[in-house]
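The values are calculated or read from the model by the stated rules, or taken from the named source; none is laboratory data. Since the model is a prediction, treat every value here as computed from it, not as a measurement. We place every Cβ from the backbone using ideal geometry, glycine too, and count neighbours over all the protein chains shown. For the accessible areas, the whole protein counts, side chains as well, though only heavy atoms, and no ligand, DNA or RNA atoms are used. Shrake-Rupley method; radii C 1.70, N 1.55, O 1.52, S 1.80 Å.
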Amino acid sequence: MSLFSILANDPAQTHSWLLPENAEIIYGGIASVLVIGGLVKFAFPQFTKFLNARTERIQKELDASASDLSTAQTDAAGIRQALGDIAGERARLLADANTQAAAVLTDGRARLTVEIAELEARATADIETAAARGSDELRAEIGRVASIAVDAVLPSVLDGATQQALVENFISKVGASR
Amino acid sequence: MSDNRIEGYARALFEIARAEGTIDEVEDELFRLARTLESSDALRNALTDEKIPVARREGIVEDLLGGKATGTTVQLVSMVVAGGRGRDLPAIIDRLVQRASSAKQLEVAEVRSAVELTADQQTRLAAALANATGKQVNLKVVVDPSVLGGIVATVGDTVIDGSIRTRLDNVKGRL
C-alpha cells in the first residue's frame, strides 16, 4: 500500500463530511438514551417537583396579591366613602358655620343698631341736658349780675323825688281800683 | 302761749289804754314797737331771754321807749315783759290793734313804705284803701327799707303790693 493510499485510508478521516461513523452513531445513540433515561428517571421528578413548588408559591403569591388587592379595594372603598362622608360633613359644617355666621351677623347688626340708637338718644339727651344746664346757669348768672347791678344802681336812682312819685303812683292806682 | 292768753293780754292792755284815754297813741306806739321787734333779733332776744333778770329787761324797755312813747305804753310793755310774755308781745299787740280798730269799726291796714308818709299821703292812702277794699281802715304805717321803693299794703287777707322789691323779685324769678 502506497503512501498515498495510506493517507487516503486515515482512520481519523470520516467517510462523510456531515454524518459520523455508524458505530459512533450507535454508541452515541446508546449513550444518549442512557443519559436521557437517567435524566428522565432522576432529574425529571426533581424538576417536576421544583416546578410544582414554584407553581404553588406563585399561586400563593397570586392569592396573596388577590387578597391584598381585595383588601386594598375595600380600603379604597372605605377611604372613598370616608372622603365622601368628610366632604358631606365639611359641607354640613360649612353650611352650619355659614348659618351661624349669618345669625351672628344679623344679631350683631341688630344689637349694634340698637346700641347706636341708644347712644344717639343718650348723646342727644346729654346734649340737651348740657344745653339746658348751660342755659339755666346763664340765666342764673344773668339774674345774679342783674341783681348786683340793680342793688348798685337803685340807691342812686331811688332818690327822694322818685320815692315820693312811687308813693303817689301807688295811692292813685289803689284809689282808682275797685 | 295759747290764743286765749294772747287774747286775754290784748284785751287787758286795750282796756287799760282805753281807761287811760290814750288808746290811739298807745295802739300806734305798740304797733311800731311790734314791727321793730319783728325786725330786730337782738332786741327780741333781749326781751325774751329768761336768763336776763326782769329788772334788766324792764330797763331795756325804759331805754327803748322812754321819752319816745307815752307812759302808758312803756308801763304796758314792761308789764308784759316782766310777766315773761315778751316772746308773744308782737302777737298781743297785733290783737290789741285789731281790737282797737274793731271798736272803731275799722279794719287794720298795715302799710310798709320805704320812706315816711306825710299826713296828707296817709289820709289819701287810707281813703284809697277804703275805696279799693270797701272797708274803712285804720292805717298803720311801717317804714321798711327792704321795700326799696313804693308801698305794700295789707288789709285783712288782701295784699296790694306796689313795691320795687317785689317787682325786682319778679324780674329775677323770670330771669
| query | Of the residues A:Glu141, A:Glu137, which single one is more than 9 Å from every other protein chain (Cβ to nearest Cβ), assigned to a helix (DSSP H, G or I) and surrounded by fewer than 11 Cβ atoms within 10 Å (Cβ to Cβ)? | reply | A:Glu137
| query | Which of the residues that make up region A:126-145 are of a type in the set (Lys, Arg) and within 16 Å of B:Lys172 (Cβ to Cβ)? | reply | A:Arg139, A:Arg144
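Is it the case, given these coordinates, that A:Ala132 is at pLDDT 85 or above, assigned to a helix (DSSP H, G or I), over 55 Å from the mean Cα position of the chain (by Cα) and within 14 Å of chain B (Cβ to nearest Cβ)?
On the way: at pLDDT 85 or above: yes; assigned to a helix (DSSP H, G or I): yes; over 55 Å from the mean Cα position of the chain (by Cα): yes; within 14 Å of chain B (Cβ to nearest Cβ): no.
Taking the combined requirement at face value, the residue does not satisfy it.
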| Of all the residues that make up region A:144-171, how many are part of a helix (DSSP H, G or I) and either more than 8 Å from every other protein chain (Cβ to nearest Cβ) or within 60 Å of the chain's Cα centre (by Cα) (or both)? | 12
| task | Examine region B:127-140 for a residue that is crowded, with 19+ Cβ neighbours inside 10 Å, small (Gly, Ala, Ser) and within 25 Å of A:Ser147 (Cβ to Cβ), and state whether such a residue exists. | result | no
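Of all residues in region B:49-63, which are in a helix (DSSP H, G or I) and open to solvent by 40 Å² or more (accessible area, probe 1.4 Å)? Can you show your working first?
Taking region B:49-63 as the starting set, the residues that turn out to be in a helix (DSSP H, G or I) are B:54-63.
Across region B:49-63, the qualifying residues are B:Val54, B:Ala55, B:Arg56, B:Glu58, B:Glu62, B:Asp63.
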| query | For region B:81-90, what are the residues that are surrounded by 18 or more Cβ atoms within 10 Å (Cβ to Cβ) and either closer than 17 Å to B:Ala19 by Cβ or among the small types (Gly, Ala, Ser) (or both)? | reply | B:Gly86
| remark: Residues in region B:145-166 that are buried (at least 18 other Cβ atoms within 10 Å of the Cβ), more than 8 Å from chain A (Cβ to nearest Cβ) and of a type outside the set (A, V, I, L, M) total 2
| query | Given the conditions (1) more than 24 Å from B:Asp24 (Cα to Cα); (2) away from chain A (no Cβ under 11 Å); (3) among the hydrophobic types (A, V, I, L, M, F, W, C), which single one is not true for B:Val142? | reply | (1)
| message | Being more than 19 Å from B:Arg11 (Cβ to Cβ) and in a helix (DSSP H, G or I): is that true of B:Ala127 here? | response | yes
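Does B:Lys172 meet the test of being within 21 Å of B:Leu37 (Cβ to Cβ) and either at pLDDT below 90 or more than 7 Å from chain A (Cβ to nearest Cβ) (or both)?
Details: within 21 Å of B:Leu37 (Cβ to Cβ): no; either at pLDDT below 90 or more than 7 Å from chain A (Cβ to nearest Cβ) (or both): yes.
Considered against the rule, which asks whether it is within 21 Å of B:Leu37 (Cβ to Cβ) and either at pLDDT below 90 or more than 7 Å from chain A (Cβ to nearest Cβ) (or both), B:Lys172 comes out as no.
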| said: It is to be established whether one or more residues within region B:12-22 are under 18 Å from B:Arg85 (Cα atoms), surrounded by 19 or more Cβ atoms within 10 Å (Cβ to Cβ) and in contact with a strand residue (DSSP E or B) (Cβ under 6 Å, 6 or more places away or on another chain). | reply: no
| task | Taking the residues in region B:109-125 that are more than 7 Å from every other protein chain (Cβ to nearest Cβ), crowded, with 20+ Cβ neighbours inside 10 Å and among the hydrophobic types (A, V, I, L, M, F, W, C) as candidates, determine which candidate is nearest to A:Leu158 (Cα to Cα). | result | B:Val111
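Any idea which of B:Val74, B:Val26, B:Val54 is over 19 Å from B:Val142 (Cα atoms) and in contact (Cβ under 8 Å) with a residue 24 or more places away in the chain? Break it down stepwise before answering.
Numbers: B:Val74 fails: in contact (Cβ under 8 Å) with a residue 24 or more places away in the chain; B:Val26 fails: over 19 Å from B:Val142 (Cα atoms).
Step by step, each of B:Val74, B:Val26, B:Val54 is checked, and only B:Val54 is over 19 Å from B:Val142 (Cα atoms) and in contact (Cβ under 8 Å) with a residue 24 or more places away in the chain.
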